[in-house]
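The values are calculated or read from the model by the stated rules, or taken from the named source; none is laboratory data. Owing to the predicted nature of the structure, the values given are computational and were not obtained by experimental measurement. Cβ coordinates were reconstructed from backbone atoms using ideal geometry, including for glycine residues, and neighbour counts include every protein chain displayed.
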Amino acid sequence: MQINGNINIDFDAIPIEEFWNTGDVKENKMHRIHAYPAKFPAFITSKAIDYAENYKQNTNWIADMFCGCGTTAYEATRNGKNFWGSDINPVATLIAKTKSQVYIDSILVKYYDTILINYQKINISRNDLKEINERIWYWFKEEQIADLLKLKLSIYQSIPLKSKYFNFFLTAFSNILKPTSKWLTKSIKPQIDPNKKPADVLIAFSKQFDIMRIANLENDINNKSRVKIENINFLNKKTRKPFIDLIVTSPPYVTSYEYADLHQLSTLWLDFADDYKSLREGSIGSLYHNSDFIKDVKILNKTGEDIVFRLYNQDKRKAKSTAKYFVDMQRTIQKSFNMLNDNGIALFVIGNTEYKGVRINNAKHLAESMLNAGFVDIEITKRKISNKILTPYRDKSGKFTTDRNSRKVYSEEFIVIGKKRNGQKNF
Ligand SMILES: C[S@@+](CC[C@H](N)C(=O)[O-])C[C@H]1O[C@@H](n2cnc3c(N)ncnc32)[C@H](O)[C@@H]1O
């Protein structure tokens, strides 16, 4: 459905479009080398490229400002395109960078063997263990801490720190942290599983290496593509000149995931921060912020204002974080517009949510923000979400659950597309 200046349409009545539902080919194994919350399906990028090329639009440079674990990055390079991406979370950009490279198999095996040889030579003392962050002690048993420390030191000793192979093995290390800890598996809330037997570190590492090695063998990304992935807050990105032809992204939702909390094991082990909570700062959609509510409300567009006022009667804290989220999204949309070349296209994948009976129409807010930023020919379609991607159920308190008797919220999401017309000025 196309909106021409009027966003007061019934978003529920927008039909599902088969084109965006499923991919034509199986996803490459590279997409499964590291778990990541709210990862979107790989085929969205190739379909977005087809869509843009149907409009005779250039697709040389593709961007994803919320690149997460690099789904768009990987698919863009497979399609021979250049890619620019950002994510505020260093764990995300580590995985995305690792996925956007091709590795020589014999070198991978050589480094793996060296890591194992050096591992056997490292001795961990009581003093070494005393240096370990308190929060790591909360999540891990002593046996795993000692082995993980040996493994980490061995990776640092065995591979040149600036090489892409170093990132490859850090990513492998990162993905064995949850199985080797007491973290409740598949939980989107960080919590201890009292009954869990944490996996053996070397066995987990060997399995993870096999998964990543096999994924690399079927890797068909284009070596000539230019890839730049930045670990930054997109809202602070300075774009002097437009350079992007196509944006393909899925923004965070308000208070659905605390990405900093979910990645805390990797953050602590890889020394990205001493206190993982510091990484909540600037993260769009986080519940934790020091924003000025009155100022935020003044900036909100009409849809944002309506939703925030309705929420305010139910839950003031939620209303404040939603206001901050909408303001951040409005700035995101403006910055996205500014980085697009003439005739550039932006595609956002976004879902609606509900909180204490208040419908949070993210898609409508996004469409209005796009109109205000200068986008034209805004088109909104819907796709079905496979249950494999995100649980559609929420319990009474609004938290995600796999309990099928709970309220179903996310069974579909929106694809919102806008264009920047030739000669339109940046704001
Ligand atoms: C829905 S996820 C994107 C997932 C991605 N499409 C994938 O397939 O992995 C949203 C991402 O936005 C990131 N993010 C949140 N606030 C940000 C900000 N201010 N700047 C850049 N990235 C941010 C989060 O860390 C998270 O990785």
*Would a scan of the stretch 252-270 turn up a residue that is more than 16 Å from the ligand (Cβ to nearest atom), farther than 30 Å from GLU53 by Cβ and outside the structural domain of LEU153 (by TED's automatic domain parsing)?*
yes
*Look through the stretch 277-297, keep the residues that are in a loop (DSSP other than H, G, I, E, B) and more than 12 Å from the ligand (Cβ to nearest atom), and return whichever of them is surrounded by the fewest Cβ atoms within 10 Å (Cβ to Cβ).*
ASN290
_Listing of helices (runs of 4 or more DSSP H) fully contained in the stretch 53-132 that carry 3 or more residues being touching a Phe, Trp or Tyr at 6+ places or on another chain (Cβ under 8 Å) and within 13 Å of the ligand (Cβ to nearest atom)_ = 71-78, 90-99
*Could you list, in sequence order, the residues of the stretch 172-212 that are under 23 Å from the mean Cα position of the chain (by Cα) and charged (D, E, K, R)?*
LYS178, LYS186, LYS189
*asked:* Would you confirm, using the coordinates I've provided, whether ILE350 is buried (at least 18 other Cβ atoms within 10 Å of the Cβ) and in the same structural domain as ALA48 (by TED's automatic domain parsing)?
replied: yes
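For ILE9, indicate whether it is modelled with pLDDT under 95, of a type in the set (A, V, I, L, M) and touching a Lys or Arg at 6+ places or on another chain (Cβ under 9 Å).
Criteria met by ILE9.
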*State whether one or more residues within the stretch 102-124 are more than 25 Å from PHE209 (Cβ to Cβ) and among the aromatic types (Phe, Trp, Tyr).*
no
*Sole residue being surrounded by 15 or more Cβ atoms within 10 Å (Cβ to Cβ), farther than 30 Å from LEU311 by Cβ and touching a Phe, Trp or Tyr at 6+ places or on another chain (Cβ under 6 Å), chosen from ILE221, ILE244, ILE229, ILE211*: ILE244
*Go through (1) under 18 Å from ASN231 (Cβ atoms); (2) buried (at least 18 other Cβ atoms within 10 Å of the Cβ); (3) within 16 Å of the chain's Cα centre (by Cα) and name the single condition LEU270 misses.*
(3)
*Do the conditions hold for ASN362, that is, is it within 27 Å of LYS382 (Cβ to Cβ) and either within 16 Å of the ligand (Cβ to nearest atom) or β-branched (Val, Ile, Thr) (or both)?*
yes
*Unmet criterion (only one of (1) surrounded by 14 or more Cβ atoms within 10 Å (Cβ to Cβ); (2) farther than 16 Å from GLU354 by Cα; (3) away from the ligand (no atom under 16 Å from the Cβ)) for PHE309*: (2)
*Take LEU94 and decide whether it is closer than 13 Å to ARG213 by Cα, at pLDDT 95 or above and buried (at least 17 other Cβ atoms within 10 Å of the Cβ).*
no
